[in-house]
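One structure is given here, and the rest of the page talks about it.
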Amino acid sequence: MAAPYEYEEGGYPQQTDAVGYDPNFVPDSVKSFVVHLYRHIREKNVYEIHQMYETSFQTLSERMFKETPGLLLMPLRLTLIMTMSSACFTVRCGSVTCMLDFLLLLDSGLIRGIIIAAFSRFLISVVLHGVVNMQLPNQWLWDMVDEFVYQFQAFCQYRAKMKSKTVEEIALLRQFDQAWNVYGVLNFLQALVEKSTIIQILEREKEGLEEFTATDGYDYSGGSNVLKVLGYFSMIGLLRVHCLLGDYHTGLKCLRPIDITQQGVYTSVIGSHITTIYHYGFANLMLRRYVEAIHEFNKILLYIYKTKQYHQKSPQYEQILKKNEQMYALLAIALSLCPQVKLVEETVNSQLREKYGEKMARMLRYDEEASALYDELFSYACPKFITPSAPSFEEPLVNYNQDAYRLQLKMFLYEVKQQQLLAGVRTYLKVYSTISMGKLANYMDLDEPNLRAVLMTYKHKTHAVDSDGKIISNADVDFYIDEDMVRVVESKSAKKYGDYFLRQIVKLEGIMTDIDRIKLE
């Protein structure tokens, strides 16, 4: 752990060799900020809470703690969430200085994981068994769930790197072997979903009996939005955790109550929106539901393209840009395995060609170089998979933090290899509308029985089972066998005239703006 900090006359923390930390040196501006925030929480003033959390807090943390990297190992934002969450759930946390005391303990990754795990258990007991009467911004509630899942992921990665652990760290891992237990994490999120009755609320909303989405989850009748929105975001948290574990079916099942084809509470927070679609799209990609993945990646990438300038001053901006690049890589993979560029809007397609046009052309060759490119893009864009089990301390200590990633990569590349064997089929089906089995077998250097097997395999690989159990097609070229003839049916997507006119309107508005700037003499 880093040495404690003390404050000089200017109120800025300086490192010292003192044994303890003196809470009397908390800057007045920090005290004032927490007091005002606390008051707004008690008054249920969501607008002021949001302004302080998103704007004032960022300014304060940059001004007061800019020169103290030890304090910034864990964002002040998380500590603020924890400290003030305790207050808004009618639980006393001591004093405003506990926020800074807590930060000092977070200098160690292990200590951080253990403390946050303990806090999470404390918080869930309060939320599930206490009285919650606050109205909080959706951004704040999303950050609680998002940070909780992130800390679980980070701790699993930390625990799996055993070779460099000190004797003290190993002793702590032995002592706290149930810290961030995967079943506890899943039960935590599932308990929030069930306690909030959010699934029933969303069902009643479909029948016109609730107004959850219409009000962005807020309760304007004097009640609380906290439990309902936490339950809502916990479904997204469950999707994310199951994706980290490689259980894509269960992850998508957890998200089913949320209709992602429509605007919802998940779109009210940019981080929630991106996290949802990223994991939803990745899960569908791994389940060979390429068309669904392409649809959703296309929509979110277009949304980010149009709105990212509004988030440039947000602390989440770098994360938005990173996820944007990762989803372009995933879209490149999906379109290489399922070449349906017509499903992608022109703006997104233009960005995609600029980023990955050359690589996608090489990936369609289905040779060793193509496999290496699939490996590269998958490794860059996939989630940081985790192995949730604790290490075996009796065996030689090794790093196993990459084991889950290697397994998922192996499964993905195996699927790519199977697609490579079928590349020739699609090439000929694109050329012919009707071709005899004998002629096609001759072209592909196969006998007819093997050709039939290849054609049936192609059928299988271009179809998948959706979340409703229905068989869906990912093929832009389909066919059926009529006795000794292969008859090809090429799917045609409906032209989207609306998108074309919207693009022209945007261009016209740009031209009119340029004209207005011209000063005539």
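The values are calculated or read from the model by the stated rules, or taken from the named source; none is laboratory data. This is a predicted model, so every value here is computed, not measured. Positions of Cβ are backbone-derived with ideal geometry, glycine not excepted, and every protein chain shown enters the neighbour counts. Keep in mind that these areas ignore ligands, DNA and RNA; they rest on the heavy atoms of the full protein, side chains included. Shrake-Rupley method; radii C 1.70, N 1.55, O 1.52, S 1.80 Å.
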Report task. Roll a 1.4 Å probe over the protein heavy atoms and report the accessible area of E395 in Å², nearest 10. Result -> 120 Å²
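Assuming R0 = 51 Å, what is the FRET efficiency of I471 and D28, from their Cβ-Cβ distance, to the nearest 0.05? Could you put the intermediate results ahead of the total?
On the way: r = 66 Å, r/R0 = 1.29.
Calculated value: 0.20.
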**Report entry** S224, S272, ranked by accessible area, largest first (probe 1.4 Å)
**Finding:** S224, S272
**Report entry** Listed residues Y53, Y380 arranged by accessible area, highest first, probe 1.4 Å
**Finding:** Y380, Y53
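Could you work out how much longer the chain between Y432 and T250 gets when fully extended? Use 0.36 nm per residue separation minus the Cα distance between them, nm to one decimal. List each step's numbers first, then the result.
On the way: separation 182, 0.36 × 182 = 65.52 nm, distance 4.06 nm.
Taking Y432 through T250 to full extension adds about 61.5 nm, to one decimal.
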Query raised in the report: When all protein chains stay in place, what accessible area (Å², nearest 10, 1.4 Å probe) is found for W180?
Result: 10 Å²
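Report the gain in length on full extension from E368 to Q190: 0.36 nm times residue separation, minus Cα-Cα distance, nm rounded to one decimal.
On the way: separation 178, 0.36 × 178 = 64.08 nm, distance 4.35 nm.
Residue separation times 0.36 nm, minus the Cα-Cα distance, leaves 59.7 nm.
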Report task. Report the paramagnetic label zone for R406: residues of the range 157-176 whose backbone N is under 18 Å from a point 7 Å from Cα along the Cα-to-Cβ axis. Result -> 157-164
Requested in this report: Work out the length of the dipole vector of the range 107-415 about its Cα centre, built from +1 on the beta-carbon of each Lys and Arg and -1 on the beta-carbon of each Asp and Glu, and round it to the nearest 20 debye.
Outcome: 240 debye
**Report entry** Nitroxide proxy distance, nm - points 7 Å out along Cα→Cβ at H36 and I481
**Finding:** 7.5 nm
Report summary line: With all protein chains present and a 1.4 Å probe, the order of Y310, Y480, Y328 from largest accessible area down is Y310, Y480, Y328
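Efficiency by 1/(1 + (r/R0)^6): what FRET value for N399 and Q51, r their Cβ-Cβ distance, R0 = 60 Å, to the nearest 0.05?
Working: r = 44 Å, r/R0 = 0.74.
With a Förster radius of 60 Å, E is 0.85.
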Requested in this report: Among the listed pairs K410/K461; K31/K322; K410/K470; K430/K470, give every one whose C-alpha distance is greater than 24 Å.
Outcome: K31/K322; K410/K470; K430/K470
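How high is the FRET efficiency between K299 and D516 when r is their beta carbon distance and R₀ equals 25 Å, given to the nearest 0.05?
For K299 and D516, the calculated efficiency is 0.20.
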Query - Gained length - L209 relative to E358, 0.36 nm times residue gap less alpha-carbon distance - result: 48.5 nm
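What per residue convex hull volume, in Å³, comes out for the range 107-415 when only alpha-carbon positions are used? Walk me through the numbers on the way to the answer.
Numbers: hull volume 46.9 nm³, N = 309.
Each residue corresponds to 152 Å³ of Cα convex hull volume.
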